(Lines give C-alpha, C1' and ligand atoms only; values in the text may rest on other atoms or scores of the structure.)
Protein backbone atom coordinates (compact mmCIF):
# COMPACT_ATOMS: atom_id res chain seq x y z
CA UNK A 1 0.00 0.00 0.00
CA UNK A 2 1.29 3.46 -0.88
CA UNK A 3 1.11 5.57 2.29
CA UNK A 4 3.61 8.40 1.90
CA UNK A 5 4.55 10.84 -0.85
CA UNK A 6 7.87 8.99 -1.26
CA UNK A 7 5.98 5.77 -1.96
CA UNK A 8 4.38 7.60 -4.90
CA UNK A 9 7.33 9.53 -6.30
CA UNK A 10 10.21 7.28 -5.26
CA UNK A 11 9.18 3.85 -6.51
CA UNK A 12 8.93 2.14 -9.86
CA UNK A 13 5.13 2.08 -9.56
CA UNK A 14 5.07 5.76 -8.61
CA UNK A 15 7.28 6.81 -11.51
CA UNK A 16 5.18 4.85 -13.98
CA UNK A 17 1.96 6.29 -12.52
CA UNK A 18 3.23 9.88 -12.59
CA UNK A 19 4.56 9.43 -16.12
CA UNK A 20 1.24 8.05 -17.36
CA UNK A 21 -0.78 10.69 -15.53
CA UNK A 22 1.34 13.46 -17.09
CA UNK A 23 0.83 12.22 -20.69
CA UNK A 24 -1.92 14.79 -21.39
CA UNK A 25 0.40 17.64 -20.33
CA UNK A 26 3.21 16.24 -22.48
CA UNK A 27 0.83 15.88 -25.44
CA UNK A 28 -0.41 19.44 -25.09
CA UNK A 29 3.19 20.63 -24.86
CA UNK A 30 4.07 18.84 -28.11
CA UNK A 31 1.06 20.39 -29.83
CA UNK A 32 1.82 23.87 -28.49
CA UNK A 33 5.51 23.74 -29.41
CA UNK A 34 4.79 22.16 -32.79
CA UNK A 35 2.18 24.76 -33.68
CA UNK A 36 4.43 27.65 -32.58
CA UNK A 37 7.35 26.29 -34.59
CA UNK A 38 5.16 25.66 -37.64
CA UNK A 39 3.90 29.26 -37.57
CA UNK A 40 7.51 30.48 -37.18
CA UNK A 41 8.57 28.42 -40.21
CA UNK A 42 10.94 26.15 -38.29
CA UNK A 43 12.02 23.03 -40.22
CA UNK A 44 10.38 19.79 -38.99
CA UNK A 45 8.35 21.50 -36.24
CA UNK A 46 6.38 18.45 -35.11
CA UNK A 47 9.33 16.09 -35.16
CA UNK A 48 11.54 18.39 -33.08
CA UNK A 49 8.74 19.11 -30.61
CA UNK A 50 7.89 15.44 -30.16
CA UNK A 51 11.56 14.51 -29.77
CA UNK A 52 12.27 17.23 -27.19
CA UNK A 53 9.21 16.56 -25.07
CA UNK A 54 9.71 12.79 -25.41
CA UNK A 55 13.30 13.01 -24.17
CA UNK A 56 12.31 15.06 -21.13
CA UNK A 57 9.04 13.29 -20.32
CA UNK A 58 10.61 9.86 -20.63
CA UNK A 59 13.85 10.58 -18.75
CA UNK A 60 13.21 13.05 -15.93
CA UNK A 61 10.92 10.80 -13.80
CA UNK A 62 13.51 8.00 -13.77
CA UNK A 63 16.36 10.34 -12.91
CA UNK A 64 14.17 11.85 -10.17
CA UNK A 65 13.63 8.40 -8.66
CA UNK A 66 17.32 7.50 -8.87
CA UNK A 67 18.41 10.70 -7.13
CA UNK A 68 16.05 10.39 -4.15
CA UNK A 69 18.09 9.98 -0.94
CA UNK A 70 18.33 6.81 1.07
CA UNK A 71 17.73 6.53 4.81
CA UNK A 72 20.89 8.40 5.90
CA UNK A 73 21.90 10.74 3.06
CA UNK A 74 25.29 12.40 3.53
CA UNK A 75 25.99 10.38 6.69
CA UNK A 76 26.45 6.85 5.39
CA UNK A 77 27.97 5.71 2.12
CA UNK A 78 25.69 3.30 0.30
CA UNK A 79 26.89 -0.13 -0.83
CA UNK A 80 29.22 -0.11 -3.84
CA UNK A 81 29.69 -2.90 -6.39
CA UNK A 82 32.26 -2.49 -9.15
CA UNK A 83 32.24 -6.11 -10.38
CA UNK A 84 30.39 -6.20 -13.72
CA UNK A 85 27.35 -8.50 -14.00
CA UNK A 86 27.42 -9.61 -10.33
CA UNK A 87 24.39 -7.54 -9.27
CA UNK A 88 22.56 -8.50 -12.45
CA UNK A 89 22.24 -12.06 -11.15
CA UNK A 90 20.34 -10.94 -8.04
CA UNK A 91 18.22 -8.12 -9.55
CA UNK A 92 14.52 -8.73 -9.93
CA UNK A 93 12.73 -8.13 -13.22
CA UNK A 94 11.44 -4.73 -12.12
CA UNK A 95 14.96 -3.49 -11.34
CA UNK A 96 16.27 -4.69 -14.68
CA UNK A 97 13.41 -3.14 -16.65
CA UNK A 98 13.64 0.08 -14.65
CA UNK A 99 17.37 0.38 -15.32
CA UNK A 100 16.81 -0.28 -19.02
CA UNK A 101 14.14 2.45 -19.08
CA UNK A 102 16.17 5.25 -17.42
CA UNK A 103 17.71 6.67 -20.61
CA UNK A 104 15.62 4.79 -23.17
CA UNK A 105 13.62 7.92 -24.09
CA UNK A 106 16.85 9.86 -24.62
CA UNK A 107 18.22 7.01 -26.75
CA UNK A 108 15.02 6.85 -28.79
CA UNK A 109 14.37 10.56 -29.33
CA UNK A 110 17.88 12.07 -29.10
CA UNK A 111 19.04 10.96 -32.56
CA UNK A 112 15.68 12.00 -34.01
CA UNK A 113 16.20 15.54 -32.74
CA UNK A 114 19.95 16.12 -33.00
CA UNK A 115 22.06 14.99 -35.95
CA UNK A 116 25.11 14.96 -33.67
CA UNK A 117 23.53 12.11 -31.68
CA UNK A 118 22.81 9.93 -34.72
CA UNK A 119 25.22 7.22 -33.60
CA UNK A 120 24.58 4.30 -31.25
CA UNK A 121 28.16 4.66 -30.00
CA UNK A 122 27.59 8.30 -29.04
CA UNK A 123 24.33 7.45 -27.29
CA UNK A 124 26.09 4.67 -25.35
CA UNK A 125 28.98 6.92 -24.31
CA UNK A 126 26.74 9.80 -23.26
CA UNK A 127 24.27 7.69 -21.30
CA UNK A 128 27.00 5.59 -19.65
CA UNK A 129 28.70 8.83 -18.56
CA UNK A 130 25.46 10.30 -17.15
CA UNK A 131 24.67 7.02 -15.44
CA UNK A 132 28.14 6.79 -13.89
CA UNK A 133 27.75 10.34 -12.60
CA UNK A 134 24.41 9.41 -11.00
CA UNK A 135 25.92 6.29 -9.42
CA UNK A 136 28.78 8.35 -7.95
CA UNK A 137 26.22 10.82 -6.60
CA UNK A 138 24.20 7.98 -5.09
CA UNK A 139 27.29 6.55 -3.42
CA UNK A 140 28.82 9.76 -2.08
CA UNK A 141 25.78 11.79 -1.01
CA UNK A 142 22.54 9.83 -1.16
CA UNK A 143 23.18 6.61 0.80
CA UNK A 144 21.97 4.47 -2.10
CA UNK A 145 23.31 1.31 -3.72
CA UNK A 146 25.81 2.06 -6.49
CA UNK A 147 26.62 -0.61 -9.05
CA UNK A 148 28.42 -0.82 -12.34
CA UNK A 149 25.57 -3.06 -13.51
CA UNK A 150 23.19 -0.10 -13.25
CA UNK A 151 25.48 1.87 -15.57
CA UNK A 152 25.61 -1.03 -18.03
CA UNK A 153 21.82 -1.51 -18.02
CA UNK A 154 21.11 2.24 -18.33
CA UNK A 155 23.40 2.49 -21.36
CA UNK A 156 22.09 -0.75 -22.87
CA UNK A 157 18.50 0.52 -22.61
CA UNK A 158 19.43 3.75 -24.39
CA UNK A 159 21.36 1.85 -27.07
CA UNK A 160 18.47 -0.55 -27.73
CA UNK A 161 15.99 2.33 -27.87
CA UNK A 162 18.19 4.22 -30.33
CA UNK A 163 18.27 1.16 -32.58
CA UNK A 164 14.47 1.02 -32.38
CA UNK A 165 14.22 4.58 -33.74
CA UNK A 166 16.99 4.21 -36.33
CA UNK A 167 14.75 4.75 -39.37
CA UNK A 168 13.63 8.19 -38.07
CA UNK A 169 17.04 9.53 -37.12
CA UNK A 170 17.92 13.08 -38.06
CA UNK A 171 20.60 12.49 -40.69
CA UNK A 172 20.65 15.90 -42.36
CA UNK A 173 21.92 18.86 -40.41
CA UNK A 174 19.42 21.66 -40.75
CA UNK A 175 19.47 25.11 -39.24
CA UNK A 176 17.41 23.84 -36.31
CA UNK A 177 19.32 20.61 -35.65
CA UNK A 178 22.89 21.38 -36.72
CA UNK A 179 25.49 20.63 -34.05
CA UNK A 180 27.65 23.51 -32.88
CA UNK A 181 30.72 21.35 -33.46
CA UNK A 182 30.76 18.94 -36.36
CA UNK A 183 33.73 16.83 -35.19
CA UNK A 184 33.41 13.43 -33.58
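Some notes on this structure:
- For segment 105-132, the set of residues classified as crowded, with 23+ Cβ neighbours inside 10 Å and closer than 22 Å to residue 147 by Cα consists of 105, 106, 107, 123, 127, 131, listed by residue number.
- The set of residues in segment 64-78 being touching a residue at least 60 places away in the same chain (Cβ under 8 Å) and either in contact with a helix residue (DSSP H, G or I) (Cβ under 7 Å, 6 or more places away or on another chain) or surrounded by 14 or more Cβ atoms within 10 Å (Cβ to Cβ) (or both) consists of 66, 67, 68, 69, 70, 73, 74, 77, 78.
- Residue, surrounded by the fewest Cβ atoms within 10 Å (Cβ to Cβ), within segment 161-184, restricted to residues that are within 14 Å of residue 121 (Cβ to Cβ) and modelled with pLDDT of 95 or more: 163
- In the set (1) part of a helix (DSSP H, G or I); (2) farther than 29 Å from residue 17 by Cβ, residue 43 fails one condition alone, (1).
- Only one of the numbered conditions (1) outside any loop (DSSP other than H, G, I, E, B); (2) in contact with a helix residue (DSSP H, G or I) (Cβ under 7 Å, 6 or more places away or on another chain); (3) more than 19 Å from residue 154 (Cα to Cα) is not met by residue 140, and that is (2).
- Test result for residue 89, under 23 Å from residue 159 (Cβ atoms) and not in a helix (DSSP H, G or I): yes
- Selection within segment 143-173 - touching a helix residue (DSSP H, G or I) at 6+ places or on another chain (Cβ under 8 Å) and not in a helix (DSSP H, G or I): 144, 145, 146, 147, 165, 169, 170, 171, 172, 173
The values are calculated or read from the model by the stated rules, or taken from the named source; none is laboratory data. Everything numeric in this text was worked out from a predicted model, so none of it was measured. For neighbour counting, all protein chains shown are included, and Cβ atoms are generated from backbone atoms with ideal geometry for every residue, glycine included.
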